[in-house]
């Protein structure tokens, strides 16, 4: 089950995705047995997030509109990261910026204290009128190139499949210096309150409903020459195995932990049986 990615040894290829397991400090027995944990998205300044409703269950998935609630990089660096470093797992910080400079400042603050960075390029680009970074290959390449100058740690870019071809964006990120890619982020979604005849929630769809899309995207990018982290709808060891067959080097589990925080342990056992028998 051990694997080596980005020049780093991981105890297994099952990671915890950003945003669904907080900082891994509540269920430490789970955090200590996975290969790595992606932190909640860390922004330059603290964020309260969006008003409720923030989560809405749908058929085969859920819509979330949390809004990047987090304590900001200063508090994370001072109060939370020291506790995370006591965990027996790799720590990958999900960096969420609203301008290209945000990414550089956050990475510079945390450099050498973690194992790698995951750049969340699905945040709105405020200077570009709200256009998502992730749909613009030029902006993504700029962000990666700028971050590459301030760190020697592995830089992973989390790609979106919303209204764009992640292959085009992913290729530019690799050319700019990205060491790996994780895909996919949530897909645009919404739900209505039919009694009040208004929008109930608008956010990102995750869960089993998006797994086929995520598998397609991973397979589409498998020849870019960098490790891929498969994300999207993983609920079992068989799901993990599918992503590995599609070309992923590892996976990250998200929504499954909201239903069962111990799901990663079950999934690791199932994957071990599959890889042993196969």
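For the reader, a short list of remarks on this structure follows.
- Of all residues in region 88-99 being touching a helix residue (DSSP H, G or I) at 6+ places or on another chain (Cβ under 9 Å) and buried (at least 20 other Cβ atoms within 10 Å of the Cβ), the one that is farthest from residue 176 (Cα to Cα): 89
- Set 94, 29: member being over 18 Å from the mean Cα position of the chain (by Cα) and outside any loop (DSSP other than H, G, I, E, B): 29
- Matching residues in region 147-187 - criterion: being in a strand (DSSP E or B) and touching a residue at least 60 places away in the same chain (Cβ under 8 Å): 156, 158, 180, 182
- Qualifying residue in region 180-189 (condition: surrounded by fewer than 20 Cβ atoms within 10 Å (Cβ to Cβ) and more than 20 Å from residue 95 (Cα to Cα)): yes
- Considering 265, 258, the condition of being touching a helix residue (DSSP H, G or I) at 6+ places or on another chain (Cβ under 8 Å), in contact (Cβ under 8 Å) with a residue 60 or more places away in the chain, part of a helix (DSSP H, G or I) and surrounded by fewer than 23 Cβ atoms within 10 Å (Cβ to Cβ) is satisfied by 265 alone.
Yes or no, residue by residue, for (1) surrounded by 22 or more Cβ atoms within 10 Å (Cβ to Cβ); (2) over 20 Å from residue 252 (Cα atoms):
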position	(1), (2)
10	no, no
26	no, no
41	yes, no
45	no, yes
50	no, yes
63	yes, no
77	no, yes
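- All positions within region 100-146 that are touching a helix residue (DSSP H, G or I) at 6+ places or on another chain (Cβ under 8 Å), modelled with pLDDT of 95 or more, outside any helix (DSSP H, G or I) and crowded, with 18+ Cβ neighbours inside 10 Å: 114, 117, 119
- Condition met for residue 277 (closer than 24 Å to residue 9 by Cα and surrounded by fewer than 18 Cβ atoms within 10 Å (Cβ to Cβ)): yes
- Note on region 219-237: residues that are surrounded by fewer than 24 Cβ atoms within 10 Å (Cβ to Cβ) and within 16 Å of residue 12 (Cβ to Cβ) total 3.
- Residues satisfying the stated conditions in region 202-218, i.e. farther than 30 Å from residue 175 by Cβ, at pLDDT 95 or above and surrounded by fewer than 22 Cβ atoms within 10 Å (Cβ to Cβ): 208, 209
- Scanning region 45-80 for residues that are within 18 Å of the chain's Cα centre (by Cα) and part of a helix (DSSP H, G or I) yields 73, 76.
- Residue among 202, 272, 211, 196 that alone is touching a residue at least 12 places away in the same chain (Cβ under 8 Å), out of contact with any helix residue (DSSP H, G or I) (no Cβ under 6 Å at 6 or more places or on another chain) and not in a helix (DSSP H, G or I): 202
- Summed over region 1-26, residues that are more than 18 Å from residue 236 (Cα to Cα) and not in a loop (DSSP other than H, G, I, E, B) total 6.
The values are calculated or read from the model by the stated rules, or taken from the named source; none is laboratory data. Predicted, not measured: the structure shown is a model, and the values here were computed from it. Cβ coordinates were reconstructed from backbone atoms using ideal geometry, including for glycine residues, and neighbour counts include every protein chain displayed.
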